1. Are there any helices (runs of 4 or more DSSP H) wholly within the stretch B:1-85 with 1 or more residues that are among the charged types (D, E, K, R) and more than 7 Å from chain A (Cβ to nearest Cβ), and if so which?
2. Hey, does the stretch B:132-147 have a residue that's closer than 22 Å to B:S16 by Cβ and either in contact (Cβ under 8 Å) with a residue 12 or more places away in the chain or not in a loop (DSSP other than H, G, I, E, B) (or both)?
3. Inside the stretch B:86-109, can you point out the residues that are within 10 Å of another protein chain (Cβ to nearest Cβ) and part of a loop (DSSP other than H, G, I, E, B)?
4. Only one of (1) without any contact (Cβ under 8 Å) to a residue 12 or more places away in the chain; (2) touching a Lys or Arg at 6+ places or on another chain (Cβ under 7 Å) is not met by A:T132, so which one is it?
5. Somewhere in the stretch B:112-130, is a residue within 14 Å of chain A (Cβ to nearest Cβ) and under 25 Å from B:I24 (Cβ atoms)?
6. Looking at the stretch A:89-135, which of its residues are over 15 Å from A:A49 (Cα atoms), touching a helix residue (DSSP H, G or I) at 6+ places or on another chain (Cβ under 9 Å) and either part of a loop (DSSP other than H, G, I, E, B) or of a type in the set (G, A, S) (or both)?
7. Can you name the residue in the stretch A:62-88 that is more than 30 Å from B:T168 (Cβ to Cβ) and in a strand (DSSP E or B) and is also nearest to the other protein chains (Cβ to nearest Cβ) among such residues?
8. Output the qualifying pairs, or none if there are none: Cβ atoms under 8 angstrom, residues six or more apart or on different chains, first residue in the stretch B:163-175 and under 14 Å from B:V148 (Cβ atoms), second residue modelled with pLDDT of 80 or more and not in a helix (DSSP H, G or I).
Amino acid sequence: MKTIRSVVVLALLLILCMALMPPASAHRVIVQGQVSEIQIKAYYGGGAATPMADGDVEIYAIKDGQEELYLTGKTDDAGMFYFAPKIGVSEYRVAVEATGHKGEETVNLAEGAGITEAEQAEAEKEAGLPVTGIITGFGYLAGLAGIAMIITARKMKKQYENK
Amino acid sequence: MVHISDGVLDPWLWESGWAITVVILAYTLSKMKTEDVPKLSVITAAVFVASLIHIQVGPTSVHFILNGFAGVMLGILAFPCIFVALVLQCFLFGHGGITTIGVNAVNMGVPALIAYLIFKTGTKLDIRPETKNKVSLFGAIAGGVGVVLALLLLAAELLTTGEEFYETTVLVVSTHIPIIVIEAIFTGVLAGFIATVKPEMFGKK
């Protein structure tokens, strides 16, 4: 009798357990982890690195080469903008625009969206004073001046000959 | 601030910018004389580098334009000066965009021509050491007006992108006040100085 009773109690317990089973065991739960926020910084080049405040931000999600407007917003006073990436999309094209000035950058989470020290140094160098650009520009100007001199001199010579 | 980048304006706008630029360029270059060339290239060099000098005003960064100055110094040749400076700025500094060189040249070059007109009407090109004060005054007015007109043109074009004209104008003009004042003083002082030491530099145009 005692064993039968304990078997019944056990059986009841088992039924209770089955009835109270959390639904989790019936469905596979998938938890994905990903970086929750992408930080965008926009600033003007030319040495001072002035932040582009209150710029219009457009984020395009790129999936299979197709671009789709994901979200829009505005940069804060420090030229910063934050957005949460769409799950399953790792590539984004970011465009920031303020009073006719526009800059673009593609952020790819799959390739590691972080900015390495070397990349930052390069960006800072690009944003700095373009000394080589200035020298090149002066070179072009000297060349253009030479060409302009030749052309105008020829024109004047022709006019002189016609007289 | 005044260089419009690629992809901001509608195509018809920057296309017409190029059309206007090509017409004015062809006309002004046909009037160019050999003796103008050295002066033209020196002023172009100044305009080209001026846009690298930034001043931070409130939330934005502004730089020198020197279009009114170019107008006073070069007359109608200010237009090719601005155009060449813009092409070099675009390719070497990444200022503005390739498609918008035309519309940017109109934005800064046409005010430069108007600045020259103001200077010409005001001084009647009677430039001698004795008329120094008048030359300085109209040089300053032309230098300031050149910048203001460039900003108004910019605001008018941004209107097509859906920005509020009044709002944009107030924003760009207020942030450019230091630029307007400095360029006016710079142009006025330099015009007065040249009237004293080398009045023939303004030439007879």
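The values are calculated or read from the model by the stated rules, or taken from the named source; none is laboratory data. Bear in mind that the values here come from a model prediction, so they are computed numbers and not experimental data. Quick reminder, even Gly has a Cβ in these numbers, built from the backbone with ideal geometry, and neighbours come from all protein chains shown.
1. B:11-30, B:37-50
2. For the stretch B:132-147, residues closer than 22 Å to B:S16 by Cβ and either in contact (Cβ under 8 Å) with a residue 12 or more places away in the chain or not in a loop (DSSP other than H, G, I, E, B) (or both): present.
3. Of everything in the stretch B:86-109, those that are within 10 Å of another protein chain (Cβ to nearest Cβ) and part of a loop (DSSP other than H, G, I, E, B) turn out to be B:G94, B:H95, B:G96, B:G97, B:T100.
4. (2)
5. Taking every residue of the stretch B:112-130 in turn, none turns out to be within 14 Å of chain A (Cβ to nearest Cβ) and under 25 Å from B:I24 (Cβ atoms).
6. A:T99, A:G100, A:I115, A:G133
7. A:I62
8. Short answer, once both residue conditions are applied: B:T175/B:V62.
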